[in-house]
Amino acid sequence: MNYYLANSINLGWNQFFIALSKSSDKVPQILLTTLVLIILYSHHKKVEAICCVFNIGCTGFTNLILKNTVKRDRPIGVWLTKADGYSFPSGHSSISMAIGIVLIYIIFKQIKNKKVAYLMSGFIFTYLILVGISRVYVGVHYPGDVFGGWIIAGIWSSITIVVYKFCMKKGLNKYLDKNFTIKFNIFKSK
């Protein structure tokens, strides 16, 4: 009886961490990034949208260069999910963290109710940590791969925030609103 109970609990954890790991695959990351960009653009936050793309692009490019430079093999053993390529750094962890840091920064800039901002940010941050843990749990990364991905995302996110503040100080948002606005008139009647 205890054997079956232990296995059912283990199967539950396996499914939980597999789902977390898959939630940060390329397609969900692309969809989330696209959704964030659409929301930012539709709320006249063009500089934020550009910085979001810059952050995620630079994080992904750095990740790709490091994977092909370090060429660290993935852990040997049973994997609970499929993984391709090299192990260091964790792309799931780095890109998810890059998206998450941008979201948290925007939340604190836009949401006036700080309790709501802290609650939303806490939820996002917890999710990001669990994504990293899931990559180790499913057997496709070492803990150092995850930390490396987080460090890359942290560095590029910090650079991006500095660039964003500089651009806002120089009035780039007003310039983009004046010269680069696409108007969607699909709901207006003639």
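Descriptive notes on the structure:
- Scanning segment 66-76 for residues that are charged (D, E, K, R), surrounded by 13 or more Cβ atoms within 10 Å (Cβ to Cβ) and part of a loop (DSSP other than H, G, I, E, B) yields R72, R74.
Yes/no per residue for (1) in a loop (DSSP other than H, G, I, E, B); (2) of a type in the set (S, T, N, Q); (3) in contact (Cβ under 8 Å) with a residue 60 or more places away in the chain:
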position: F17; (1), (2), (3): no, no, yes
position: L20; (1), (2), (3): no, no, yes
position: L31; (1), (2), (3): no, no, no
position: T34; (1), (2), (3): no, yes, no
position: L37; (1), (2), (3): no, no, no
position: L40; (1), (2), (3): no, no, yes
position: H44; (1), (2), (3): yes, no, yes
position: C51; (1), (2), (3): no, no, yes
position: I56; (1), (2), (3): no, no, no
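- Among the residues of segment 102-140, the ones that are within 17 Å of the chain's Cα centre (by Cα), open to solvent by 50 Å² or more (accessible area, probe 1.4 Å) and polar (S, T, N, Q) come to 1 in all.
- The one condition from (1) of a type in the set (A, V, I, L, M); (2) open to solvent by less than 20 Å² (accessible area, probe 1.4 Å); (3) at pLDDT 90 or above that I99 does not meet is (3).
- Residue in segment 52-60 that is under 16 Å from the mean Cα position of the chain (by Cα) and among the small types (G, A, S) present: yes
- Residue within segment 77-95 that is modelled with pLDDT of 90 or more, open to solvent by less than 10 Å² (accessible area, probe 1.4 Å), of a type outside the set (S, T, Y) and within 18 Å of the chain's Cα centre (by Cα) present: yes
- Enumeration of residues in segment 61-76 that are within 19 Å of the chain's Cα centre (by Cα) and in contact (Cβ under 8 Å) with a residue 40 or more places away in the chain: T62, N63, L66
- Top-ranked residue in segment 144-190 [being modelled with pLDDT under 60 and assigned to a helix (DSSP H, G or I); ranked as least open to solvent (accessible area, probe 1.4 Å)]: N179
- Here I39 meets the list (1) in contact with a Gly (Cβ under 7 Å, 6 or more places away or on another chain); (2) under 22 Å from M168 (Cα atoms) almost entirely, failing just condition (1).
- In this structure, I133 does not qualify as over 14 Å from S24 (Cβ atoms), of a type in the set (V, I, T) and not in a loop (DSSP other than H, G, I, E, B).
- Index of the failed condition, L40 passing every other in (1) under 17 Å from I151 (Cα atoms); (2) buried (at least 19 other Cβ atoms within 10 Å of the Cβ): (1)
The values are calculated or read from the model by the stated rules, or taken from the named source; none is laboratory data. Fair warning: this is a prediction, and the values are worked out from it, not measured in the lab. Methodologically, a virtual Cβ is constructed for each residue, glycine included, from the backbone with ideal geometry; neighbour enumeration extends over all protein chains shown. The area values use the complete protein model at the heavy-atom level, side chains included, leaving out ligands, DNA and RNA. Shrake-Rupley method; radii C 1.70, N 1.55, O 1.52, S 1.80 Å.
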